[in-house]
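A short worksheet on the structure shown next.
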Amino acid sequence: MCLWVPRRAFPFGLIGAVWGHALLGVSLTLESYIALFAVAGVVVNDSLVLVAFINEELPRHPDIQQVLRQAGQKRFRPIVLTTLTTFFGLIPLLTEQGPDAETIMPMAVSLAFGVLFSTLITLLLVPVSYRILEDIKKCIAK
């Protein structure tokens, strides 16, 4: 029904990656941009988890506000666990000091901080965007 929302969450992964690079003082490299493909996959997956739940529940419960609240509550744990396992799994790469660190570090920074930031934004952005689009649909239908 509403597939516009998940694809729009990706730019926040880019913002998180850039902030992560600035925070850690790591230069953006080609590998950083390649890691953004992985960020896009995680972010779109997180968004689709919310949208799928909303689309399933909306026909059963006409109150969109209640459905959006339930989606946030019931899908919060899977979304946050996906993000935290990815972020904490990358910490050893973020702390790497060996000779290969120059290649690995930018990818790890982009992926870790891109996923972390975009997930936090996604948990807010997806329900709000869904509500706005539903309100626009109602206005057009009138």
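Residue under question is T103, and the condition is that it be surrounded by fewer than 19 Cβ atoms within 10 Å (Cβ to Cβ), among the hydroxyl-bearing types (S, T, Y) and in a helix (DSSP H, G or I); does it hold?
Working: surrounded by fewer than 19 Cβ atoms within 10 Å (Cβ to Cβ): yes; among the hydroxyl-bearing types (S, T, Y): yes; in a helix (DSSP H, G or I): yes.
The answer is yes for T103.
Could you grab the pairs with beta carbons closer than 8 Å, sequence gap of 6+ or different chains, first residue in region 128-142 and basic (K, R), second one open to solvent by less than 90 Å² (accessible area, probe 1.4 Å)?
R131/I64; R131/Q65; R131/L68
Looking at the structure I just gave you, is I121 under 26 Å from E134 (Cβ atoms), touching a helix residue (DSSP H, G or I) at 6+ places or on another chain (Cβ under 6 Å), part of a helix (DSSP H, G or I) and not basic (K, R)? Please lay out each step first, then the result.
On the way: under 26 Å from E134 (Cβ atoms): yes; touching a helix residue (DSSP H, G or I) at 6+ places or on another chain (Cβ under 6 Å): yes; part of a helix (DSSP H, G or I): yes; not basic (K, R): yes.
Yes, satisfied.
Does A112 fit the bill of being under 30 Å from L30 (Cβ atoms), small (G, A, S), in contact (Cβ under 8 Å) with a residue 24 or more places away in the chain and touching a Leu at 6+ places or on another chain (Cβ under 6 Å)? Give the derivation first.
Details: under 30 Å from L30 (Cβ atoms): yes; small (G, A, S): yes; in contact (Cβ under 8 Å) with a residue 24 or more places away in the chain: yes; touching a Leu at 6+ places or on another chain (Cβ under 6 Å): yes.
Judged against the criteria, A112 is a match.
Pick from G16, G89: which is in contact (Cβ under 8 Å) with a residue 24 or more places away in the chain and either of a type outside the set (S, T, Y) or out of contact with any Ser or Thr (no Cβ under 7 Å at 6 or more places or on another chain) (or both)?
Details: G89 fails: in contact (Cβ under 8 Å) with a residue 24 or more places away in the chain.
Within the list G16, G89, the selection yields G16.
Among residues belonging to region 89-100 that are under 14 Å from E31 (Cβ atoms) and at pLDDT below 90, point out the one that is surrounded by the most Cβ atoms within 10 Å (Cβ to Cβ). Show your work before the answer.
Pass one, region 89-100, residues under 14 Å from E31 (Cβ atoms): 90, 93-94, 96, 100.
Pick out the ones that are also at pLDDT below 90 and you get 93-94, 96, 100.
Numbers: L93: 16, L94: 18, E96: 15, D100: 9.
The qualifying residue surrounded by the most Cβ atoms within 10 Å (Cβ to Cβ) is L94.
The values are calculated or read from the model by the stated rules, or taken from the named source; none is laboratory data. All figures in this text were calculated on a predicted structure; none of them were measured in a lab. Cβ: placed from backbone, ideal geometry, glycine included. Neighbour counts: every protein chain shown. The accessibility values were calculated without ligands, DNA or RNA, using every heavy atom of the protein model including side chains. Shrake-Rupley method; radii C 1.70, N 1.55, O 1.52, S 1.80 Å.
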